[in-house]
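Values in this text are rule-based calculations from the coordinates and carry no lab data. Note that the structure is predicted; figures quoted are calculated from it, not measured. Cβ coordinates were reconstructed from backbone atoms using ideal geometry, including for glycine residues, and neighbour counts include every protein chain displayed.
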Amino acid sequence: MDCFTAELPRAVSLQDYITAFYNSAAFRPERWALHLIGPKLPGGTGGEDVRKLAAGEVDTFAAWTVEARTDTAILMRDFQQRTCSWLAVKAHAGKTRLYFGSGVQRPDGALVKALMPFHRFYAKALLKSAVGALER
């Protein structure tokens, strides 16, 4: 399990954060790769699919299904039940703290341990890219 945070000096809704995160420059290559898998996935991978997820109109996006959602957080699990992702926003004093966390079902495996440094780097890059999109 991990969790990374960033802060913006303004109000940001969960809908805006989800949109920025899954449309960010850092996530686009993953969306493209997921698009190639296509029919095997529970949800679509396009921009309209991101919009629908952000608006709460669908419970699937690409490889993920929404497990829980509130006005300030969304928890999604991948279709193989191996990983989960969590996005959340917390407003305070005119600012918003953004959260991005993920969990791996079997974190003790050799392959998972070997990939953890890349995973942490990628997770931080995804959050930074979403922040950049929200700052524009």
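A compact table of results
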{"quantity": "Top of Arg106, Arg69, Arg77 by mean-square fluctuation, Gaussian network on the chain, Cα under 10 Å", "calculated": "Arg106"}
{"quantity": "Amide proton proximity set for Thr60, modelled H, under 5 Å, gap of 5+", "calculated": "Val66"}
{"quantity": "Principal axes of the chain: Cα extent on each, largest first, Å", "calculated": "43, 31, 26"}
{"quantity": "Separation of the Arg28 and Lys95 label points, Cα + 7 Å toward Cβ, nm", "calculated": "3.0"}
{"quantity": "Cys3 versus His35: modelled label distance in nm, points set 7 Å from Cα along the beta carbon direction", "calculated": "3.4"}
{"quantity": "Calculated [θ] (222 nm, deg cm²/dmol) that DSSP helices of n ≥ 4 give over the chain, each run adding -39,500 (n - 2.57)", "calculated": "-12500 deg cm²/dmol"}
{"quantity": "Relative exposure of Leu8, Leu98, Leu115, judged by other C-beta atoms within 10 Å (fewest first)", "calculated": "Leu115, Leu8, Leu98"}
{"quantity": "Furthest towards positive pole of dipole, Ser24, Phe4, Met76, structure part segment 2-135, Cβ charges", "calculated": "Phe4"}
{"quantity": "Cα gyration tensor, segment 27-85 - rounded (a/c under 1.5), prolate or oblate", "calculated": "oblate"}
{"quantity": "For segment 24-100 and segment 122-136, distance of Cα centres in Å", "calculated": "14"}
{"quantity": "Under Karplus coefficients 6.51, -1.76 and 1.60, residue-wise ³J(HN,Hα) of segment 54-59 in Hz, glycine/proline x", "calculated": "4, 7, x, 7, 9, 10"}
{"quantity": "Relative contact order for segment 36-136, counting Cα pairs under 8 Å that sit 6 or more residues apart, in percent", "calculated": "14"}
{"quantity": "Karplus-derived 3J(HN,Hα), 6.51/-1.76/1.60, for each residue of segment 70-78, Hz, glycine and proline x", "calculated": "10, 5, 10, 8, 9, 10, 10, 10, 6"}
